[in-house]
1. Which percent of the accessible heavy-atom area of the chain goes to carbon and sulfur, probe 1.4 angstrom?
2. Which residue fluctuates most in the GNM of the chain (Cα springs below 10 Å): 141, 164, 183?
3. With the other protein chains left in place, how much accessible area per residue, in square angstrom, belongs to the chain at a 1.4 angstrom probe?
4. Give me the percent of DSSP beta bridges within the chain that run antiparallel, rounded to the nearest 5.
5. What is the magnitude of the charge dipole of the stretch 101-210 about its Cα centre, with +1 placed on the Cβ of each Lys and Arg, -1 on the Cβ of each Asp and Glu, and no other charges, expressed in debye to the nearest 20?
6. Roughly how tilted is helix 173-182, in degrees to the nearest 10 and between 0 and 90, from the longest Cα axis of the chain?
7. Applying 1/(1 + (r/R0)^6) with R0 = 30 Å to the Cβ-Cβ distance of residue 209 and residue 167, what FRET efficiency is obtained, to the nearest 0.05?
8. For the chain, what does the relative contact order come out to in percent, with C-alpha contacts under 8 Å and a separation of six or more?
Amino acid sequence: MYSIHQTHASVKLSVEPRIHESSHIENSFAGEWASIGPGNSIIESRIGSYTYTMDEVTINYTEVGKFTSIASHVCLNPVNHPMDRVSQHHMTYRRTIFGFADTDDDDIFNWRRENRVTVGHDVWIGHGAIVMKGVRIGTGAVIGSGSVVTKDVEPYMVVAGVPAKPIKTRFPREIVDSLLQMAWWDWPRELLEERFLELNDIQSFIKKYG
């Protein structure tokens, strides 16, 4: 169950996820310190601790890690229509609302569920980006604004474009490997508080904890 709160930049977050009252959440989970912005639609997805979304974000059948930043008008896993039928209109599977049958076509919804999107930890997804069905976004990656991501993205890779292509890596391979091995995103709150001020200096952070 979700507690409904209004999200505002000046409102302090807490271990209870903050969900804007205008958002639609269905069969989903949000972790501690998470924040869901206004006008979101989140269907059968998991949102990790400290992750936040801005306004008008759509997330379907997706696993999102911790500390991920999702800008406004992002769409993760847009739903597919069955193009191999005579009609691809949703009347062929949402049959009950049109009065064509007493039950809906569960095969279509199961097909959508089986092709989940996976987003790692500490990912930044820019304004208006779309991540297509079945794609995996690695931890630490950056998705440029307006990008359409059709292929998996490596950890700490910056991608952009339509379709999205690699632009550069955020750090050299040895730093990426150290961060992935360290997995600071799994540290308990007490350890994060203790080391919080050190998060701004990548070199000393790696040297000390890598």
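The values are calculated or read from the model by the stated rules, or taken from the named source; none is laboratory data. Since the structure is predicted, the reported quantities are computational estimates derived from the model, not experimental observations. Note that each Cβ is placed from the backbone with ideal geometry, even for glycine, and that neighbours are counted across all protein chains shown. What goes into the accessible areas is simple: the full protein's heavy atoms, side chains included, and nothing from ligands, DNA or RNA. Shrake-Rupley method; radii C 1.70, N 1.55, O 1.52, S 1.80 Å.
1. Working: 6240 of 11810 Å².
Carbon and sulfur atoms account for 53 percent of the accessible area of the chain.
2. Ranking 141, 164, 183 by mean-square fluctuation puts 183 first.
3. Values: 11810 Å² over 210 residues.
Roughly 56 Å² per residue, with all protein chains present.
4. Numbers: 4 of 39 bridges.
Here the share of antiparallel DSSP bridges comes out near 10 percent.
5. Details: 14 positive and 17 negative charges, 130 e Å.
Taking the Cα centre of the stretch 101-210 as origin, the dipole is about 620 debye.
6. 80 degrees
7. Numbers: r = 28 Å, r/R0 = 0.93.
Calculated transfer efficiency: 0.60.
8. Numbers: 497 pairs, mean separation 23.0, N = 210.
Contact order relative to length: 11 percent.
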